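Every number here is computed from the coordinates shown, using simple stated rules; none is lab data. Because the structure is a prediction, the values reported are computed rather than measured. Using ideal geometry, Cβ is built from the backbone for each residue, glycine included, and neighbour counts are taken over all protein chains shown.
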Amino acid sequence: MISLTDVSYAYPDAEALTLEHVDLEVERGSIAGIVGASGAGKTTLAKIIAGFIPHADGGELSGTVRVDGRDLSTGSLVDAVSVVGLVIQNPFNQISGAKYTVREEIAFGLENFGTPRDEMQRRVDEVAALLRIEHLLDRSPYALSGGQQQLVAIASMIVLRTPVIVMDEPTAQLDPAGTRMVFDVLSALRETGITIVIFEHKLELLQQHADRLHVVADRSIVLSGAPDDVLADDRLAQWAVGTTRYVTAGRLARERGLLPPEVPLPVSFEQAERVFDRERSVR
Amino acid sequence: MSRADAEGVAPVANTAGADPVIVGMEVLIEDVRFSYPSGVEAVKGVSLSIRPGERVAIVGQNGAGKTTLVRQLNGIFRPTSGRVQVGDWITSEHTIAELATRVGYVFQNPDEQLFARTVRADVEFGPRNLGLDSAQVARRAETAIEAVGLSGVADLHPHHLSLSERKRVALAGVVAMGTPVVVLDEPTTGQDAAGVDMIAQVVAALTDAGRTVIAITHDMEFCAEHFDRVIVMAGGQVLVDGHPRDVFVRDAELDAAAVEPPQLTRLARALGWDDQPLSAEEFVGAFARRGAHS
């Protein structure tokens, strides 16, 4: 669904490349989690997958960016936005500024695509119910908390039903219940064939929901794999990427000779429960 | 961070002609209620006493009243009833500008507080307003910028920084103010592992120097590993208040506040251990006490 081949990019007037030789494959109807230290180039990568680079931000892009069969690096921004929805990091900046109510705000993109009015209303109601923000529909987008704005920003992308949704830290301002709800919604969208690329620091949730994880470091993607394999990888620390506390505890126990090296490092709660259960493990 | 760095962040000693920093002030919140003009009562009778140098985490769902409560401390909001005292000042008797010399506040969204053309100018703004001389201002800014790991970008416009870096600029600005009380609203959101470590070190340095840190957070790992008091809020009230080890076993209150204990605390509970490990180190220590793997 998404295929980046040997992609390199430099921002306008920048001397150095921000990303270099990036290869990325994301299957249709899957959730790809992207992790990496701040400043590693994650936001740049998000904009490339969404076609904002080079069409809005300019700069020098090389390699090929194919999304849903189209080459976004040569097409136009209009082509890109019909295929990919991008939820940016700061929801306040995502709000159009042109609308008085949350309902109008969520409908803004559909309006631009010329969606008939009754269908527009129906889809806004649907997505508002999905993200449990019906009670906010008549409020001003600016009179919301950061977390509420974040849900509105997500709603305004989901409502477009683009085949791909790219989200840059979409849950940063949400509480744990709100965060879990968003991940559940994303899992449900995946079941309908939508492809999701999510940039996140919440690793326990990525472990539970993502199909693949990709690590961005040193201006490139340095590791791709199943979440369990990536999160237990010894090199994460050297790329300044964290992992779950289960892995940290497992590694510490291994270092102290409390767990034999052949026991795989536990990545999830369930795995850790098995590994650290004395009653069951002592034979 | 070393002890020397901690003193650099907030010197304890006040020698003649030196940078004047007030440290150590008690915060008293007495039966505070607060209603928004819309009539919604967001804080419904909260009483707390916070000692100088405490590291206090306030947790709970969005809408629990956490932010509304801490905004009573620096006068952004005034209690509808009850009173708030910072040191010997009753907040209702002081202006926001006066309170800013005692309570530093780092907003959740840094873009609500950054405005200067460079990181350094932004961080220097607060101390300069305190009437410090330019050498003191420069030194405070330098130390604070270094503490948040932004020395390399000190002369850039904050606009060129990532959101997580801008958050740390806002933190440096408040650190440089040298206020006895520092309030952090969701300091770790969007931070990578190194950013969280850096913020934890700043919190430790502040409290080691006798300043009080009150942080609102959804990040239970950060809370368990770096704070010595957790206040759980729901519906505008305090449900539990205590050491993380005691708080994270109060299932009924945690459920009511939709707060999930940290990963390893949950794991130890599920394994039936009676310890309440708050970090990997404590968890592995508890595991070791249960006998070596055979």
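Annotations
- C-alpha center-to-center spacing [the range A:157-229, the range A:1-79] in angstrom: 17 Å
- For the range A:242-265 versus the range B:33-72, the gap between their alpha-carbon centres in whole angstrom: 39 Å
- Counted by Cβ distance under 9 Å from B:R120, the other residues give a net charge of -4, where Lys and Arg count +1 and Asp and Glu count -1.
- Using all pairs of distinct alpha-carbon atoms, the Kirkwood hydrodynamic radius of chain B works out to 19.8 angstrom.
- Alpha carbon centroid spacing (whole Å) that separates the range A:82-124 from the range B:179-214: 37 Å
- Principal semi-axes in Å for the protein assembly as shown [√(5λ), Cα gyration tensor, largest first]: 37, 31, 26
- The amide H of B:R78, built 1.01 Å from its N in the peptide plane, has no neighbour under 5 Å, considering only residues 5 or more places off or on other chains.
- Per-residue 3J(HN,Hα) values for the range B:172-188, derived from phi via the Karplus relation 6.51 cos²θ - 1.76 cosθ + 1.60 with θ = phi - 60°, read 4, x, 7, 4, 5, 5, x, 5, x, 10, 10, 10, 10, 9, 6, x, 9 Hz in sequence order (x marks Gly and Pro).
- Under a 5 Å amide H cut-off, with hydrogens placed 1.01 Å from N, A:L19 pairs with A:Y9 among residues at least 5 apart or on other chains.
- Chain B: calculated mean residue ellipticity at 222 nm from DSSP helix runs of at least 4, using -39500 (n - 2.57): -10000 deg cm²/dmol
- Nearest-ten-degree value, helix A:102-112 long axis tilted from longest Cα axis of chain A: 70 degrees
- Rounded to 10°, Cα long-axis angle of helix A:117-130 versus longest principal axis of chain A: 20 degrees
- Set of lysines with alpha-carbon distance to A:K99 below 27 Å, sequence-local pairs under 8 removed: A:K47
- Estimated [θ] at 222 nm from DSSP helical runs (n ≥ 4, -39500 (n - 2.57)) normalised by residues in chain A, nearest 500: -11000 deg cm²/dmol
- Contact order relative to length of chain A, as percent, for alpha carbon pairs under 8 angstrom and 6 or more apart: 22 percent
- Two-site FRET efficiency, A:V78 against A:D229, from Cβ-Cβ distance with R₀ of 41 Å, rounded to 0.05: 0.60
- Percent RCO, i.e. relative contact order, over the range A:244-283, from Cα pairs under 8 Å lying at least 6 residues apart: 38 percent
- Sequence-distant residues sharing a close amide H with A:V87 (under 5 Å, placed H): A:V166, A:M167, A:D168
- Positive minus negative residues near A:V83 (Lys, Arg vs Asp, Glu; Cβ under 13 Å): +1
- Gyration tensor verdict on the range A:114-264 (Cα atoms; rounded if a/c is under 1.5, prolate if a/b is larger than b/c, oblate otherwise): prolate
- Classified by the C-alpha gyration tensor, chain A has an oblate form. Its axis ratio a/c, with a ≥ b ≥ c, is 1.5 or above, and a/b does not exceed b/c.
- Max-minus-min Cα coordinates of the range A:244-283 on each principal axis give 27, 22, 13 Å, with the largest extent listed first.
- In this label model, A:A237 and A:D211 are separated by 3.3 nm, measuring between points 7 Å along each Cα→Cβ vector.
- C-alpha long axis of helix A:245-255 to longest principal axis of chain A, angle in °: 20 degrees
- Cα-Cα separations in the range A:22-87 greater than 17 Å, expressed as whole percent: 40 percent
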